[in-house]
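Okay, structure first, notes after.
The values are calculated or read from the model by the stated rules, or taken from the named source; none is laboratory data. None of the values given here were measured: they were computed from a predicted structure. Every residue, glycine as well, gets a Cβ built from its backbone with ideal geometry; the counts of neighbours run over all protein chains shown. To get the accessible areas, we keep the full protein, side chains included, count just its heavy atoms, and leave off ligands, DNA and RNA. Shrake-Rupley method; radii C 1.70, N 1.55, O 1.52, S 1.80 Å.
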Amino acid sequence: MKSSDVINDLIVRTEANLRMARELNKRSVHDLNQSPGAGSWSALECIEHLNYYGDFYVPEIENRIASSPYPHEEIFRSGFLGNYFAQSMLPKEGFKKMKTLKSTNPSGKKLGKEVIDRFIMHQQKLLELLKKAKNVSLTRTKTGISISRFIRLRLGDTLRVVIYHNQRHLLQAERALESVGTSAAET
């Protein structure tokens, strides 16, 4: 894949995620906290789950881009493991539920709109980082991952995993809201 195509695709996806989050922010806190059923997350729980990952990945990506000695390369070569993780995060029709780590499970929390504000801040920072990533190798620059200190992924793969994961759970948040019905936007 061309590095520029990867970055441009991720910018478009992140801008869409940002728009979705702003739309969610127009909904009432009551609706955003409604779970569609037992064992399912509310819209705010979906976003809070993403914030747990954003709190790790946004600074990790920023630090790796800032310290990368590897200049931009025309072609991005995805790693086997990174591509597997990225593909598993891509929202697909009828995608199956995945287990989440206890440390990133917001289930049962009463949350406020500050959750969405924090997510929006992460998305804005990701857009800045995607622009900076155009100047470094997406293949040779490596990042840590949240689930293991021993595994490192290529920057391009990490960006794909994080942004696809965001898309996946924003769609889940929208489905949660659809199942609880609509109420007037909070003023």
At a 1.4 Å probe radius, carbon and sulfur cover how many percent of the accessible area of the chain? 54
Of the candidates Phe56, Phe85, Phe76, which one comes out as most mobile in a Gaussian network treatment of the chain with C-alpha springs shorter than 10 Å? Phe56
What distance in nm separates the simple spin-label points at Asp5 and Ala38, each placed 7 Å from Cα in the Cβ direction? 4.8
Could you tally the net charge around Arg118, taking each other residue with its Cβ under 12 Å from the Cβ of Arg118, Lys/Arg +1 and Asp/Glu -1? -2
Lys and Arg at +1, Asp and Glu at -1: neighbours of Ser78 with Cβ under 10 Å from its Cβ sum to +2
About the Cα centre of the chain, how large is the charge dipole given +1 on each Lys and Arg Cβ and -1 on each Asp and Glu Cβ? Please answer in debye to the nearest 20. 540
When only C-alpha pairs under 8 Å and at least 6 residues apart count, what is the relative contact order of the stretch 124-183, in percent? 21
How much accessible area does Met20 have with a 1.4 Å probe, in Å² rounded to the nearest 10? 50
Which helices, counted as full DSSP H runs in the chain, have an axial Cα extent of no less than 20 Å and a Kyte-Doolittle average of -1.0 or above? 3-24, 43-67, 114-133, 155-180
Using the Cα centre of the chain as origin and beta-carbon charges of +1 (Lys, Arg) and -1 (Asp, Glu), tell me which of Ser28, Asn8, Ser137 is placed farthest towards the positive end of the dipole. Ser137
For the chain, what is the mean residue ellipticity at 222 nm derived from helices alone (per DSSP H run of n ≥ 4: -39500 (n - 2.57); sum divided by total residues; nearest 500 deg cm²/dmol)? -19500 deg cm²/dmol
